[in-house]
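All remarks here apply to the structure that follows.
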Amino acid sequence: MDTEFTDTAFEGSVVEPVPSRPEMRRAFSRMALGLCLGLLVSELVPTVLQSIIPDYDAQAHAFLVGGLCTGLFTLPVMLLLTRRLPTKKSEKGRLSLGGFFALVAICYACMIVGNLVGMGINSILSPNSVNLIGELATATGASVEMVIAFAVLAPVFEELVFRKVLVDRVLPFGEWPAILFSGITFGLFHGNLTQFFYATVLGMILAYVYIRWGNILYTIGIHACINFLGGVLPVLVPAASYFILLVALAGIVLFFRFRKTVHVEKNAVPGVGGAMFGNGGMILFMILGCLLMVLVAVVMNHPELTQGLM
C-alpha cells in the first residue's frame, strides 16, 4: 500500500506584496470576531431552545445543535466578515488511499494523546469532576442523529470554517501562521479544556493536510473518520474498542515513520505572530474561550453544582 506523502503545494507560486502589520491585525481580528460570534451562538442556542420548547433535552441534542449552529450561523458570518480579505490557495495534489488512511491513523493517535493531556489537566483543576463530553455522548445515544452530528455535520462545517475559510485567508501571511491559527482557534472553539489540546493538535494537522494537498474533501474525510472512530463506533459497537486501539497504535508507528517527510515553508511574513494575537477580535475570542474552559472545568464539571441544570 502506497503511503507516500507527496508535497505538491506552491509549485510555481507567484510572489505577492508583503502585507503591513495593520492589515494583518485587521484580517485576524475579523476572523476571530466571526468565531467569537459563532461560539456565543453555539452556547446560547441550547438555552433558548430549552426555554421555548417544552421537555427539550439539551444534552441529547447537544452535538446536532452545535453542528447546525456552525453550519447555519458561524460559516455564513465568517464568509460575510472575511469576504474582502485576500486569499491564497494551494495547488491541488493527489493523496493516495494509503496516505489517506495513514493520516487518519496518525490524527487519531495524536487526538488520543491530546485528549489524555486535557483530561489530566481537567482532573487536576476538578478532582471530583465528571466527564461532561462523555455524558453528552451517552445522552445522545446510538442513533441516526448521532451519526449525522458526528460524522457529517461536524466534519463538513468545521472543515469549511477552520480550514477552507481560515487557512485560505491566513496563507498569504505564511504556512506556519495558517497552521497555528487554524489549530489554536479550532481548540478554543470547542470551549472546554478536555477537548482543547487534542482539537488544537488535530486542527494543525488538518491545516497542514489542506495546505499540502489543497483539497478540502481530504480533510473532511479524515475528520469524519476520526469522529466516527472516536465518537460513533464505540457507542454502536462496544467491542470495537480493540480495533480502535490498533488504529491508535498504528498511528503512533506511522507518525514516527513519516515525521521527517513533513515540510512547512519558512515564509511567514515578519510581525505576523504579534498581529495574529495582538488584535481586538482575537483577544476577545481568547477571553471567551478561556472563560468557557474555566466554567466547564471548575463549575459545570462538578456534579453537585450541575444537578438540575444539565
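Each reported figure results from applying straightforward, stated rules to the coordinates on display, with no laboratory input. A quick note: this is a predicted structure, and the numbers were derived from the prediction, not measured. Counting neighbours? That spans all protein chains shown, and the Cβs are built from the backbone with ideal geometry, glycine included.
Mind putting together the pair-distance distribution for segment 164-310? All Cα pairs, 5 Å bins, whole percent per bin, short to long.
Pair shares across the bins are 2, 8, 13, 17, 18, 16, 13, 8, 4, 2, 0.
Say a paramagnetic label sat at a point 7 Å from the Cα of Val41, along Cα to Cβ; which residues of segment 62-77 have their backbone N under 16 Å from it?
64-77
For n ≥ 4 DSSP H runs only, could you compute -39500 (n - 2.57) per run for the chain, divide by its residues and tell me the 222 nm figure to the nearest 500?
Per the formula, -19500 deg cm²/dmol.
Karplus couplings for segment 161-169 from phi (6.51 cos²θ - 1.76 cosθ + 1.60, θ = phi - 60°), rounded to Hz, Gly and Pro as x?
6, 8, 10, 5, 6, 6, 4, 4, 8
Relative to the Cα centre, what is the charge dipole magnitude of the chain, using +1 at the beta carbon of each Lys and Arg, -1 at the beta carbon of each Asp and Glu, and rounding to the nearest 20 debye?
The dipole of the chain has a size of about 940 debye.
Filter the chymotrypsin sites (Phe, Trp or Tyr not before Pro) in segment 13-77 down to the DSSP loop ones having no more than 10 other Cβ atoms within 10 Å, then list what survives.
In loop regions of segment 13-77 (DSSP not H, G, I, E or B), there are no sparsely surrounded chymotrypsin sites (Phe, Trp or Tyr not before Pro).
Hey, rough spin-label estimate for Glu23 and Leu295, points 7 angstrom out along Cα→Cβ, what's it come to in nanometres?
For the pair Glu23/Leu295, the computed spacing is 3.8 nm.
Between Leu125 and Ile252, with labels modelled 7 Å along Cα→Cβ, what's the label distance in nm to one decimal, could you check?
Going by the 7 Å Cα→Cβ label model, 2.7 nm.
Using the charge dipole of the chain (Lys, Arg: +1 at Cβ; Asp, Glu: -1 at Cβ; taken about the Cα centre), state which of Gly231, Gly67, Leu166 has its Cα farthest towards the positive end.
Farthest along the dipole direction, towards plus: Leu166.
Give me the dipole magnitude in Debye, nearest 20, for segment 139-290 about the Cα centre, with unit charges on the beta carbon: positive for Lys and Arg, negative for Asp and Glu.
With Lys and Arg at +1 and Asp and Glu at -1, about 400 debye.
Name the residue, out of Ala109, Ala149, Ala240, whose mean-square fluctuation peaks in a Gaussian network model built on the chain with Cα pairs under 10 Å.
Of the options given, Ala240 has the highest mean-square fluctuation.
Over every pair of different alpha-carbon atoms in the chain, take the mean of 1/r and invert it; report that Kirkwood radius in Å.
This gives a value of 20.1 Å.
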